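S.K.: Have a look at the structure that comes next, please.
Please treat every number below as a calculation from the coordinates, not as lab data. If you're wondering where the values come from, they're calculated on a predicted model, not measured in any experiment. FYI the Cβ positions are ideal-geometry reconstructions off the backbone, even for glycines, and counts take in every protein chain you see.
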Amino acid sequence: MTKVKICGLTTLDDARIAVEAGADLLGFNFYKKSPRYLTSDAAQIICDTLRSDYGADCPALVGVFVNEGVSAISVITNKVGLNFAQLSGDESDAMLRELRGIGFKAIRPMNVAQALDDAQYFAGVMPASERAPSLLLDAFKSGEYGGTGQSVSDEIALAIRDHVPRLMLAGGLNPDNVVARIAAVQPWGVDTASGVEFDGQPGRKDPDKVRAFIQAAK
């Protein structure tokens, strides 16, 4: 069954909706330039409540970071109690190695050749945990670090899929297209942020879209 990550969560109510709809991973964005940015204090309250309320059924909690140092990532992951750190900037394999298995890389290759190079480059530092993607594939947009709502091509996704144990597909996914994208690419998991939000309200999830997306993906 396809894993689902609902990303860019900013409120406890939205996080609860995602959990109860069947999300496997929840994403919280700590990149200050993102419209979905969340402080570590706010994220800690949300994540502490989720763990208390759902116990062993709580989804994996993921922090999204862009070009942060390992020490800053470690401080936030420990404070909030995150399971994994998604590195969505220009981070190296050495950074992932320093994070000792909790980090995974988000890549935005411009073409097939770059996608294959990225998969090879990060192959030795992909997390071992079956709860985490090995690599997240997003769409390229110059100067952006994800969350653009643009779609990665099937050509790139198919080229990289067989080189990655657990590929998570992101970029432009919504309740209307996720079934077709899963059928075409057959990824381990799918990730959405803007695709399940109220129009024009980054970070605010539409409960109907969240439920529809998860139901369709699974």
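S.K.: Sort Asp48, Asp138 so the one with the fewest other Cβ atoms within 10 Å of its own Cβ comes first.
M.R.: Going from least to most buried by this count: Asp48, Asp138.
S.K.: Mind pulling up the Rg/Rh value for segment 94-217? Radius of gyration and Kirkwood radius, both on Cα.
M.R.: My calculation of the ratio gives 0.97.
S.K.: Next up: If you look for lysine pairs in the chain that are eight or more places apart or on different chains, how many of them have Cα atoms under 18 Å apart?
M.R.: 11
S.K.: Also: Based solely on its DSSP helices, what 222 nm [θ] is calculated for the chain when runs of n ≥ 4 H residues each add -39,500 (n - 2.57) and the sum is averaged over all residues, nearest 500 deg cm²/dmol?
M.R.: The helix-only estimate for the chain comes to -10500 deg cm²/dmol at 222 nm.
S.K.: Also, quick follow-up: Which distance in Å, rounded to a whole number, links the C-alpha centroids of segment 1-31 and segment 151-188?
M.R.: 19
S.K.: Restricting things to alpha carbons, tell me how big segment 3-217 is in terms of Rg and Dmax, in Å.
M.R.: Just the Cα atoms of segment 3-217 yield Rg and Dmax of 15.6, 45 Å.
S.K.: Do you know the relative contact order of the chain, to the nearest whole percent, from alpha carbon pairs under 8 angstrom that are 6+ apart?
M.R.: Dividing the mean separation by the residue count of the chain yields 21 percent.
S.K.: By counting other Cβ atoms within 10 Å of each Cβ, how are Met126, Met110 ranked from fewest to most?
M.R.: Details: Met126 21, Met110 11.
Fewest-to-most ranking of Met126, Met110: Met110, Met126.
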